[in-house]
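S.K.: Quick one: this structure, given as structure tokens, is what I'll be asking you about.
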Amino acid sequence: MIVGGAPSGGRPALALAARSKYDAAVATSSELAHAFAAAWSASTPERGGAVDDELAKLLVQLCAAAHRELPELEGAIDDCELVAMLASRAPDREVIAYLHRCHVNELALAQAASRGHTDAIEAIEHEHRGVLEAICWRFAGPAQSAADLRQILREKLYVAPPGGRAKLAEYSGQGQLASWLRITAVRVFLDLG
């Protein structure tokens, strides 16, 4: 019921309209269930790949939430790729609990950035600037300046080598993206020797 221009829960009517818009952008329950089942059974064939209605409904909710939280990535979030990545790391048991622990919005952002989506790259660079800058300065020295290290890190994170994937595509959503970026940057810089 709408009272005074807002639904009874106090949310503006515009927010509900936006919610419907983003929910409509999500792949269907059956498409997501199929993508999840294929990736889940591929990672461990004995699972059989069965996806029940509760799991399929949760997949739709997670994808819709990613679309709502990342409106700047309209058209860049691939729902089937997103759930396939979640499935590839899903445990044999307690899959629902596992999915609730995952950082799905950050995973969607990382996937879009790993495919070169400019707005996604800018969002990561803006949101995690402090962490990335601190690590670059920590490893800067006579051989490489912080600016050089920043460029090396960007290349590793966002540019796929021939026949490969960008490093950011390895982020699985199981921990915070900031932590993953910090650990990855340290490893990249240690590998430089």
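The values are calculated or read from the model by the stated rules, or taken from the named source; none is laboratory data. Being a predicted model, the structure only gives us computed values, none of them experimental. FYI the Cβ positions are ideal-geometry reconstructions off the backbone, even for glycines, and counts take in every protein chain you see. What goes into the accessible areas is simple: the full protein's heavy atoms, side chains included, and nothing from ligands, DNA or RNA. Shrake-Rupley method; radii C 1.70, N 1.55, O 1.52, S 1.80 Å.
S.K.: Taking the conditions exactly as written (under 30 Å from Gln61 (Cβ atoms) and among the basic types (Lys, Arg)), does Arg101 satisfy them or not? Can you show your working first?
M.R.: Numbers: under 30 Å from Gln61 (Cβ atoms): yes; among the basic types (Lys, Arg): yes.
So Arg101 passes the test.
S.K.: Answer with yes or no whether Arg68 is under 23 Å from the mean Cα position of the chain (by Cα), part of a helix (DSSP H, G or I) and modelled with pLDDT under 90. Break it down into steps so the answer makes sense when it comes.
M.R.: Details: under 23 Å from the mean Cα position of the chain (by Cα): yes; part of a helix (DSSP H, G or I): yes; modelled with pLDDT under 90: no.
Considered against the rule, which asks whether it is under 23 Å from the mean Cα position of the chain (by Cα), part of a helix (DSSP H, G or I) and modelled with pLDDT under 90, Arg68 comes out as no.
S.K.: Answer yes or no: is there a residue in region 91-108 that is touching a residue at least 60 places away in the same chain (Cβ under 8 Å), basic (Lys, Arg) and outside any loop (DSSP other than H, G, I, E, B). Write out each step before concluding.
M.R.: Going residue by residue through region 91-108, those that are touching a residue at least 60 places away in the same chain (Cβ under 8 Å) are 101-104, 106-107.
If we keep only those that are basic (Lys, Arg) too, we end up with 101.
Subset that is outside any loop (DSSP other than H, G, I, E, B): 101.
Yes - at least one qualifying residue is present in region 91-108.
S.K.: Do we have any residue at all in region 105-120 that's modelled with pLDDT of 95 or more and in contact with a Cys (Cβ under 9 Å, 6 or more places away or on another chain)?
M.R.: yes
S.K.: From (1) more than 18 Å from Cys63 (Cβ to Cβ); (2) part of a helix (DSSP H, G or I); (3) open to solvent by 40 Å² or more (accessible area, probe 1.4 Å), pick out the condition that doesn't hold for Val188.
M.R.: The one condition Val188 does not meet is (3).
S.K.: Of all residues in region 32-57, which are open to solvent by less than 90 Å² (accessible area, probe 1.4 Å), part of a helix (DSSP H, G or I) and modelled with pLDDT of 80 or more?
M.R.: First, pick out the residues of region 32-57 that are open to solvent by less than 90 Å² (accessible area, probe 1.4 Å): 32-33, 35-44, 47-52, 55-56.
Of the ones still in play, those that are also part of a helix (DSSP H, G or I) are 32-33, 35-43, 47, 55-56.
Scanning region 32-57 gives Leu32, Ala33, Ala35, Phe36, Ala37, Ala38, Ala39, Trp40, Ser41, Leu55, Ala56.
S.K.: Take Ile152 and tell me if it is farther than 18 Å from Leu107 by Cβ, open to solvent by 40 Å² or more (accessible area, probe 1.4 Å), in contact (Cβ under 8 Å) with a residue 12 or more places away in the chain and among the aliphatic types (A, V, I, L, M). Quick ask: steps written out before the conclusion?
M.R.: Values: farther than 18 Å from Leu107 by Cβ: yes; open to solvent by 40 Å² or more (accessible area, probe 1.4 Å): yes; in contact (Cβ under 8 Å) with a residue 12 or more places away in the chain: yes; among the aliphatic types (A, V, I, L, M): yes.
Here the answer is yes, as Ile152 does meet what is asked.
S.K.: Just checking, does region 159-166 include any residue being under 25 Å from Pro71 (Cβ atoms), touching a residue at least 24 places away in the same chain (Cβ under 8 Å) and open to solvent by less than 80 Å² (accessible area, probe 1.4 Å)? Reasoning before the result, please.
M.R.: Residues of region 159-166 that are under 25 Å from Pro71 (Cβ atoms), as a first pass: 166.
Adding the requirement that they be touching a residue at least 24 places away in the same chain (Cβ under 8 Å) leaves 166.
Those still in the list that are open to solvent by less than 80 Å² (accessible area, probe 1.4 Å) too: 166.
Checked against the condition, which is being under 25 Å from Pro71 (Cβ atoms), touching a residue at least 24 places away in the same chain (Cβ under 8 Å) and open to solvent by less than 80 Å² (accessible area, probe 1.4 Å), region 159-166 yields at least one hit.
S.K.: I need the full set of residues from region 139-149 which are part of a loop (DSSP other than H, G, I, E, B) and either of a type in the set (Ser, Thr, Tyr) or surrounded by 13 or more Cβ atoms within 10 Å (Cβ to Cβ) (or both), in order please. I'd like the intermediate steps shown before the answer.
M.R.: As a first pass, look at region 139-149 and keep what is part of a loop (DSSP other than H, G, I, E, B): 140-145.
Once the filter is applied, which keeps residues that are part of a loop (DSSP other than H, G, I, E, B) and either of a type in the set (Ser, Thr, Tyr) or surrounded by 13 or more Cβ atoms within 10 Å (Cβ to Cβ) (or both), region 139-149 yields Ala140, Gln144, Ser145.
S.K.: One residue is enough: does region 115-132 have a residue meeting the conditions closer than 25 Å to Asp78 by Cα, among the hydroxyl-bearing types (Ser, Thr, Tyr), in a helix (DSSP H, G or I) and open to solvent by less than 20 Å² (accessible area, probe 1.4 Å)? Walk me through it before giving the result.
M.R.: Here is the first cut: in region 115-132, the ones closer than 25 Å to Asp78 by Cα are 115-128.
Of the ones still in play, those that are also among the hydroxyl-bearing types (Ser, Thr, Tyr) are 118.
From what's left, in a helix (DSSP H, G or I): 118.
Applying the additional criterion that residues be open to solvent by less than 20 Å² (accessible area, probe 1.4 Å) yields none.
Within region 115-132, not a single residue is closer than 25 Å to Asp78 by Cα, among the hydroxyl-bearing types (Ser, Thr, Tyr), in a helix (DSSP H, G or I) and open to solvent by less than 20 Å² (accessible area, probe 1.4 Å).
S.K.: Out of the residues in region 85-108 that are open to solvent by less than 10 Å² (accessible area, probe 1.4 Å) and touching a Phe, Trp or Tyr at 6+ places or on another chain (Cβ under 9 Å), state the one that is farthest from Ala169 (Cα to Cα).
M.R.: Looking at the filtered set, the residue picked out is Ala90.
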